[in-house]
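Let me begin by presenting the structure, written as structure tokens, before commenting on it.
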Amino acid sequence: AGQMEKHGFQTEVKQLLHLMIHSLYSNKEIFLRELVSNASDAADKLRFKALSDNSLYGDDNELFVRISVDKEAKTVTVSDNGIGMTRDDVMNNLGTIAKSGTAEFFGQLSGDQAKDSQLIGQFGVGFYSAFIVADEVTVRTRSALGNDTAGVEWHSRGEGEFEIADIEKARRGTDIILHLKDDAEEFLDEYRLRGIINKYSEHLSIPVQMWKEPVAESEDSEGNKIEAQPGEWETINSGKALWTRDKSEITDDEYKEFYKTVAHDFDEPLLWTHNKVEGTTEYTNLLYIPKRAPWDLWNREQQHGVKLYVKRVFIMDDAEQLMPTYLRFVRGLVDSNDLPLNVSREILQDNKITRSMRNGSTKKVLQILKKLAKDNKEEYQQFWDTFGNVLKEGPAEDHSNRERIAELLRFASTHNDSTAQSVSLDDYIERMKDGQDKIFYIVADSYEAAKNNPALEIFRKKGIEVLLLSDRIDEWLMSHLTEFKEKQLQSVTRGDLDLGELDDEQDKAEQEKAEEAFKESLERFEKALGGKVKKVRVTHRLTDSPACIITDEHDMSTQMAKLMEAAGQ
Ligand code: ADP
Ligand code: MG
């Protein structure tokens, strides 16, 4: 080896290592999933690069991941002949955490082991998970992009620093050598390793292999001859990407395991949809709804999480063109048969095929959500409580699916008298009064403010349900959702409240009489308030409160005005 250099880990890496070792010790085996998945990514990256430069394969074009054990040395080695890493790659990838959202992630750690281990799971433990089982890790790698045998060796005990040195490496790709800790020696057992590989690698499109020892010619106890067999690398998984298989042949467990790999989540998914679409555009999608929100859900620039494949070749992560922003919590992949293999983000941007795949995939996601809402109210409620506020961006973003999204919305309501958002627009319509033709709602800063708004008094008196909206996004939502199933949505704090047939003749007559009687006082109020209000008038909306402020039909609501003000407008 050439000259050795010592480097310190980035502070965050130290923190992550510490956390991981202490909160994931009961889930040690995931290190293998992470390392095999990195090897598989490395193969994907090489295949992708080789699309434009086939010579990158050299004479080594059967890509694989190999796992071997050395019981004497107490090591497990995970090898691949994928893209490999240059010295710079090694420095950047195995000494720092380059992921976006890293600061937010560390900000959310609570010190509670159970919670933090969930969070780490979502953040993605990745390469560093090697240190859950190893007290020493050596990485030997050679990039496919270089053209000689110059490689790099990285070595660390996971205690704050790593060493890096130049080496000669005959084969392209990466070997990761784990020296196991005493309490992780179970992973020297080949059966144990096979079990884990079966569980985590069945869906990978790359063959995962283990060395099968040669068998010498011998006789069994009954004198039957046992034939000699040479040692060989035996492929353990089927090496067929999960989504290319027939739906009927895939078990729920396989779908769930696959989810954990694509979504980097420890938890199982809430639900999924898997479709082979044929016709003018041909593609397969496999899309999952997670149970839990990622820690950076509120960042609209957050990565989208749907991967693009073309003819089973991995092309890119986070293909944001494949899902609308209001469904950014969806994880999974789309595999196109029609896009060119050299497709770029720019080409995806304005592309008929992309649009068609996005529309199809969006409909499927909305469909499974609708079905969940119908079949399992409790799970749907869990979904809504987690992702509802993201879905509320939908009516503004996606006009063509407005009605489908509106069906999925849930609100707090005067009918339930609880902060829980569990009333659908359909529920509301079912309970509408005879003669009621509108869906009434109020938007306020908080549930309490909505519930106690004097504008509700008349509705209480008449027994009319009002939806109580108090999330930040609600004003935005309602400005794009003016109708549902041919019923107008009407804010109770806006304009001339026309209760239509719900107003009886007697109310109307009384209103007119009062207007006459208070004419002079009203003029005086108006004068006293100067330009601060447009008009002062008598109302029968109130039963207990003396007065309330309302917005004109076409003016900006007070909520919206506050939002604009907050945004510096
Ligand atoms: P992630 O896989 O989510 O990017 P990891 O911590 O698992 O995060 O890996 C960090 C990075 O190290 C990878 O993105 C990749 O660039 C590099 N890397 C890890 N393992 C390999 C490998 N076997 N071959 C090539 N590069 C690798
Ligand atoms: Mg990884």
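Quick notes on this structure:
- Distance between the modelled labels on residue 245 and residue 460, one decimal in nanometres: 5.9 nm (7 Å Cα→Cβ projection).
- Nearest-ten-degree value, helix 377-391 long axis tilted from longest Cα axis of the chain: 80
- Extension gain (nm, one decimal) between residue 170 and residue 185, 0.36 nm per residue minus Cα-Cα: 2.4 nm
- Length gained on full extension, residue 6 to residue 434, computed as 0.36 nm times the residue gap minus the Cα-Cα distance: 146.2 nm.
- With a Förster radius of 45 Å applied to the beta-carbon distance between residue 226 and residue 253, the computed FRET efficiency rounds to 0.80.
- Karplus-based coupling profile of the range 9-16, in residue order and whole Hz: 5, 4, 3, 4, 5, 4, 4, 4, with θ = phi - 60° in 6.51 cos²θ - 1.76 cosθ + 1.60 and x standing for Gly or Pro.
- For the residue pairs 370/438; 49/311; 6/260; 45/291, the alpha carbons lie more than 26 Å apart in 6/260; 45/291.
- Mean Cβ count within 10 Å, highest first, over the residues of peptides 168-176, 486-494: 168-176, 486-494
- For the chain, fraction of C-alpha pairs farther apart than 34 Å, in %: 53
- Annotation for residue 233 and residue 510: the two label points, set 7 Å from Cα along the Cα-Cβ direction, are 8.7 nm apart.
- Computed packing ranks the peptides 69-80, 228-239 as 69-80, 228-239, most packed first, by mean other Cβ atoms within 10 Å.
- In the chain, the longest principal axis of the Cα atoms and the axis of helix 113-123 are about 80 degrees apart.
- In a reduced charge model with +1 at each Lys and Arg Cβ and -1 at each Asp and Glu Cβ, the chain shows a dipole moment near 1180 debye about its Cα centre.
- Rounded to the nearest 10 degrees, the inclination of helix 505-517 to the longest alpha-carbon principal axis of the chain is 70 degrees.
- FRET efficiency estimate (nearest 0.05) - Cβ-Cβ, residue 199 to residue 53, R0 35 angstrom: 0.50
- Extension gain for residue 22-residue 482 works out to 160.4 nm (0.36 nm per residue, less the C-alpha to C-alpha distance).
- Relative contact order of the chain, defined on C-alpha pairs under 8 angstrom at six or more residues apart (%): 10
- Compactness of the range 326-420 was expressed as the Cα radius of gyration divided by 2.2 N^0.38 Å, which yields 1.31.
- Summarising the label geometry, the points placed 7 Å from Cα in the beta-carbon direction at residue 445 and residue 313 lie 5.8 nm from one another.
Values quoted throughout were computed directly from the atomic coordinates according to the rules given, and no laboratory measurement underlies them. It should be emphasised that the depicted structure is a prediction, and the values quoted were computed from it without experimental measurement. Counting neighbours? That spans all protein chains shown, and the Cβs are built from the backbone with ideal geometry, glycine included.
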